[in-house]
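The structure appears below as C-alpha cells.
The values are calculated or read from the model by the stated rules, or taken from the named source; none is laboratory data. Not measured: the values here are computed from a predicted model. Quick reminder, even Gly has a Cβ in these numbers, built from the backbone with ideal geometry, and neighbours come from all protein chains shown. We work out accessible area using only protein heavy atoms, side chains counted, and drop any ligands, DNA or RNA first. Shrake-Rupley method; radii C 1.70, N 1.55, O 1.52, S 1.80 Å.
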Amino acid sequence: MIPFEMIDEDLRTARRRAHRWEELEGRRTVVSALMREAQRELDAAGVWDQEGVAMRAARVGAYRMVLATVRRELAEVGPARELYEELLLREERRLTGSADPRGAELLGIGRLLAELDVELPAGERARAAGLALLDGAGGREETLAEFARRAEAVGMSVPAQAGSGGDVEVEQVVKQLGERCRELKRLRDRLHARREALLLG
C-alpha cells in the first residue's frame, strides 16, 4: 500500500504543476490574441509604409517566438490538470470510504456539485431562450413557449402578459436568471475550493 505521505506529496506536486499549466495556458491565450491583432495590423498596413510594415512584422515575429516558448513549456508540464484531478479523485475515494470526518463532508459537496451540474446549464439555457425572445429570433409564440418551458424547469415563471409584447417582464426574468447563474457559479467555485482544501488536508 502507498503511504499517505507519498499521496499527499504527489498531490502537492500535481497541484503546483496544474497551477503552472493554468498560468501558461492563460499566457498562451493572451499572446495568441496579441499576435492575431498584430497580424491584422500588418495585413492592413500599406505597402508604401515600409517602416511601419517592418515594425509590425517584427512585432508578429516576437509574439510568434514567445508563443513557441509558451507552447514548449506547456508540453513540458504535460497533462497536469488531468493528473491532478485524477489524484484528487483517488484521495476523495479513499476519504469517503474511511472513517475520516472529511469523507462525510466530501460526500455532501459531491452531491451539491452534481446538482449544480444539472441546475446551472438549465439556468443558462433558460436565460439564452429569454435573450433569443428579446432579440426577436424565430416566431414569437414558439420562442416564448420555449422560454416559458425552460424558465419553468428551473422554478421560474414567465408572466402571462409577456406574450403580448411585454418585454419588460421578459427582461426582468432574464435578469433574474443571469443573477441566479452567477450566484450558482460562485457557489460552485466555493465548493470546488472547499473540496480541494479537504483533499489536500
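Taking region 125-145 only, how many residues are open to solvent by 30 Å² or more (accessible area, probe 1.4 Å), closer than 16 Å to Glu169 by Cβ, at pLDDT 85 or above and not hydrophobic (A, V, I, L, M, F, W, C)?
Residues in region 125-145 being open to solvent by 30 Å² or more (accessible area, probe 1.4 Å), closer than 16 Å to Glu169 by Cβ, at pLDDT 85 or above and not hydrophobic (A, V, I, L, M, F, W, C): 1 in total.
Could you run through region 91-101 and say how many residues are open to solvent by 60 Å² or more (accessible area, probe 1.4 Å) and either in a helix (DSSP H, G or I) or in contact with a Gly (Cβ under 6 Å, 6 or more places away or on another chain) (or both)?
Quick first cut of region 91-101, residues open to solvent by 60 Å² or more (accessible area, probe 1.4 Å) only: 93-94, 97, 99, 101.
Filter once more, keeping what is either in a helix (DSSP H, G or I) or in contact with a Gly (Cβ under 6 Å, 6 or more places away or on another chain) (or both): 93-94, 101.
Total meeting the criteria: 3.
Against the condition farther than 22 Å from Lys185 by Cβ and either open to solvent by less than 50 Å² (accessible area, probe 1.4 Å) or part of a helix (DSSP H, G or I) (or both), how does Asp117 come out, does it pass? Step through it out loud before you land on a result.
On the way: farther than 22 Å from Lys185 by Cβ: no; either open to solvent by less than 50 Å² (accessible area, probe 1.4 Å) or part of a helix (DSSP H, G or I) (or both): yes.
So Asp117 does not fit the description; no.
When you check Arg150 against the structure, is it part of a helix (DSSP H, G or I), of a type outside the set (Val, Ile, Thr) and closer than 30 Å to Arg15 by Cα, yes or no? Walk me through how you get there before you give the answer.
Numbers: part of a helix (DSSP H, G or I): yes; of a type outside the set (Val, Ile, Thr): yes; closer than 30 Å to Arg15 by Cα: no.
Taking the combined requirement at face value, the residue does not satisfy it.
Could you list, in sequence order, all residues of region 70-80 that are part of a helix (DSSP H, G or I) and open to solvent by 70 Å² or more (accessible area, probe 1.4 Å)? Can you show your working first?
So in region 70-80, the residues part of a helix (DSSP H, G or I) come out as 70-77, 80.
Across region 70-80, the qualifying residues are Arg71, Arg72, Ala75, Glu76.
How do the pairs read when you match residues in region 137-158 that are without any contact (Cβ under 8 Å) to a residue 24 or more places away in the chain with residues anywhere that are of a type in the set (S, T, N, Q), using Cβ under 7 Å and keeping only pairs 6 or more apart or on different chains?
Pairs that qualify, where the first residue is without any contact (Cβ under 8 Å) to a residue 24 or more places away in the chain and the partner is of a type in the set (S, T, N, Q), are Ala137/Thr143.
Only one of Ala57, Ala14, Ala62, Ala38 is surrounded by 13 or more Cβ atoms within 10 Å (Cβ to Cβ), at pLDDT 85 or above and within 30 Å of Gly201 (Cα to Cα); which?
So the residue among Ala57, Ala14, Ala62, Ala38 that is surrounded by 13 or more Cβ atoms within 10 Å (Cβ to Cβ), at pLDDT 85 or above and within 30 Å of Gly201 (Cα to Cα) is Ala14.
What's the number of the only condition in (1) under 21 Å from the mean Cα position of the chain (by Cα); (2) of a type in the set (D, E, K, R); (3) under 14 Å from Leu200 (Cα atoms) that Arg93 fails to meet?
Exception for Arg93: condition (1).
Gly52 passes all but one of (1) at pLDDT 85 or above; (2) of a type outside the set (Ser, Thr, Tyr); (3) over 34 Å from the mean Cα position of the chain (by Cα); which number fails?
(1)
Of the residues Leu88, Leu83, Leu107, which single one is touching a helix residue (DSSP H, G or I) at 6+ places or on another chain (Cβ under 7 Å) and open to solvent by less than 80 Å² (accessible area, probe 1.4 Å)?
Values: Leu83 fails: open to solvent by less than 80 Å² (accessible area, probe 1.4 Å); Leu107 fails: open to solvent by less than 80 Å² (accessible area, probe 1.4 Å).
Result: Leu88 is the single residue among Leu88, Leu83, Leu107 that is touching a helix residue (DSSP H, G or I) at 6+ places or on another chain (Cβ under 7 Å) and open to solvent by less than 80 Å² (accessible area, probe 1.4 Å).
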